[in-house]
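The next block holds one structure in the form of structure tokens; read it before the comments.
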Amino acid sequence: SSPSREQWGSRSGFLFAAIGSAVGLGNIWRFPAVAYENGGGAFLLPYLVALLTAGIPLLVLEYSIGHKFRKSPPAAFRRLSRPTEALGWWQAAICFVIAAYYAVIIAWAVRYIGYSFGEQWGKDANGFFFGNFLQAAEKPGLMSSYVDGVLWPLIAVWVVVLVILALGIRNGIEKANKFFIPLLVVFFAILVVRALTLDGAARGLDGLFRPDWSALGNGSVWVAAYGQIFFSLSIGFGIMITYASYLRKRSDLTGSAMVAGFANSGFEILAGIGVFATLGFMAAAQGVGVDEVVSSGIGLAFVAFPTVISQMPMGTLFGVLFFTSLVLAGLTSLISIVEVVIAAVQDRTGLGRLPATLGVGGAIALVSIAVFPTDSGIYVLDAADHFINQYGIALAALIVLIAVGWLLRRLPVFQKHANETSAIPLGRWWLICLGIVTPLVLGWMMIDSLRAEFAENYEGYPTQFLLWAGWGVAAAALLVAVLLSLLPWRSADSETALEAGTD
Ligand code: MET
């Protein structure tokens with residue numbers, strides 16, 4: 001590899017970073033509700049099947065692509081074949097968009113650590129969040145005013161993230177993850193133990209885990225399982241390609257994929273237990289059924305949890321633990337998303353880490369700060385998140401598999417590459433999972449979500465708003481990617497760096 005490429009200091013450093021990227025907001029606020037709504041305890045079966053047939057095999061593929069070419073997605077896909085370079089830029093563009101809004105959610109959580117003291121949301125957590133805190137407009141539209149209470153924590157988040165990224169792979173990303181991830185596990189474990197000792201916890205857990213076996217006959221339950229695995233493992237963003245490009249030559253790729261995959265799912269199930277024990281307490285306190293208090297995403301974190309925190313003894317401590325966990329889980333994921341874009345530009349231009357971080361990271365931070373701490377910020381965030389997930393990540397993953405597996409027929413090349421240095425060899429099952437099973441499932445998911453999209457407007461938002469904040473953003477990411485891939489690589493530096501990257 002090129003002598004100047006950065007490297008992880010140790011295998012555990014890479015693993016902490018890979019797990020840090022995977023464990024994010026999705027584990028804490030998405031998994032519990034998805035499992036509950038799709039068969040409860042029975043959901044664990046399709047979930048495990050999705051992990052084993054798509055999650056871990058795709059992780060191995062992404063690790064192998066990054067490790068073989070020692071490049072971030074655009075340069076790695078360019079080595080694979082000239083036209084596939086656009087796929088790499090597509091992933092980088094998707095990361096640009098996601099980073100811009102993911103940072104805002106972390107900023108909210110930062111602010112809510114402070115609000116936990118004295119439970120400042122009062123009796124109406126919903127009104128406090130959307131009204132007092134976000135000062136959200138009644139309806140989605142163009143941004144018309146700034147919200148200082150979001151702006152300042154957002155600037156702080158970006159300063160922390162850019163400083164860590166500027167310090168580089170070993171001194172920045174690796175050290176941050178080795179510190180943040182153990183801290184997250186400790187904080188979250190205390191939170192789960194506290195939640196399990198609340199009145200009503202058992203009812204919550206019963207709600208989550210009581211199996212509804214009939215759900216297994218329902219196609220949409222299987223789609224939900226694969227969707228959760230893709231999102232939760234950060235597959236299709238190019239993150240794992242980027243992180244693996246900093247591995248040393250002799251690295252156990254399949255073993256690392258198993259460790260990262262199971263660690264991520266383990267944390268996810270722990271989060272399910274913590275969240276549902278807490279919801280069980282809330283249901284008991286309000287004298288209603290668990291089904292009446294289930295929520296996910298922004299509503300769970302910033303409305304339901306504050307409400308419960310106000311109802312429990314020592315709520316402040318619980319709030320601090322919960323929102324700090326969100327911040328830690330979010331930061332380590334955000335770092336990985338921004339790193340994809342920085343590495344892509346570095347490989348392309350030969351820029352050093354500091355100028356690339358300031359230029360690229362700074363540009364994402366500026367967009368993030370300009371768009372999201374506004375009265376319409378939450379609507380733009382919600383629409384962009386939905387469309388970029390459905391028609392960015394999932395579609396990009398499908399096209400990567402079609403290109404690598406079917407058009408170029410290179411899966412065996414990566415199988416051989418992984419087997420050269422890995423402890424657990426990849427057999428034929430790996431080819432079958434990635435060549436047939438996963439593309440079929442992803443294709444089905446795509447048709448399924450397109451159907452829902454045209455059946456009714458997402459969240460009932462006005463069509464004109466969805467056209468720019470949703471479809472527009474997703475299409476722009478694709479367009480920018482194609483244009484970037486068509487530019488000639490003029491810089492002699494980057495071409496040399498690219499050549500040196502072959503092994
Ligand atoms: N895996 C992350 C999560 O669960 C999402 C992608 S960010 C790398 O939140």
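Using the Cβ of Gly141 as centre and a radius below 15 Å, the other residues enclosed give a net charge of -3, where K and R count +1 and D and E count -1.
The rule of thumb for compact globular proteins, 2.2 N^0.38 Å, goes into the C-alpha radius of gyration of segment 57-105 1.28 times.
Approximating the spin labels as points 7 Å out from Cα along Cα→Cβ, the Ala423-to-Gln464 distance works out to 6.0 nm. Per-residue ellipticity at 222 nm, computed for the chain from helices alone with -39500 (n - 2.57) per DSSP H run of at least four residues, works out to -20500 deg cm²/dmol.
Electrostatic tally near Leu233: other residues with Cβ closer than 11 Å to its Cβ, Lys and Arg +1, Asp and Glu -1, net -2. Put +1 on the Cβ of each Lys and Arg and -1 on the Cβ of each Asp and Glu in the chain; which of Ile388, Cys95, Ile309 then has its Cα farthest toward the positive end of the dipole? Of Ile388, Cys95, Ile309, it is Cys95. In a reduced charge model with +1 at each Lys and Arg Cβ and -1 at each Asp and Glu Cβ, segment 393-472 shows a dipole moment near 520 debye about its Cα centre.
Stretching Leu440 away from Leu479 to a fully extended chain increases their span by 11.5 nm, per 0.36 nm per residue minus the current alpha-carbon distance. Calculate the length of the line joining the C-alpha centroid of segment 85-113 to that of segment 148-200, in whole Å. About 16 Å separates the Cα centre of segment 85-113 from the one of segment 148-200.
Net length available on complete extension from Ile432 to Trp471 is 10.7 nm, with 0.36 nm assigned per residue and the Cα-Cα distance removed. The label point for Phe117 and the one for Leu48, both projected 7 Å from the Cα toward the Cβ, are 4.6 nm apart. Length gained on full extension, Val159 to Val193: 8.9 nm, using 0.36 nm per residue less the C-alpha separation. Taken along the Cα-to-beta-carbon direction at a fixed 7 Å, the label points for Leu358 and Tyr146 span 2.3 nm. Mind giving me the FRET efficiency for Arg11 and Arg409? R0 is 35 Å, r the Cβ-Cβ distance, nearest 0.05 is fine. That gives a FRET efficiency of 0.65.
No value in this document is a laboratory result; all are computed from the given coordinates. On a predicted model such as this, the values are computed, not experimentally measured, just so you know. Here Cβ is always computed from backbone atoms with ideal geometry, including for glycine, and neighbour counts include all displayed protein chains.
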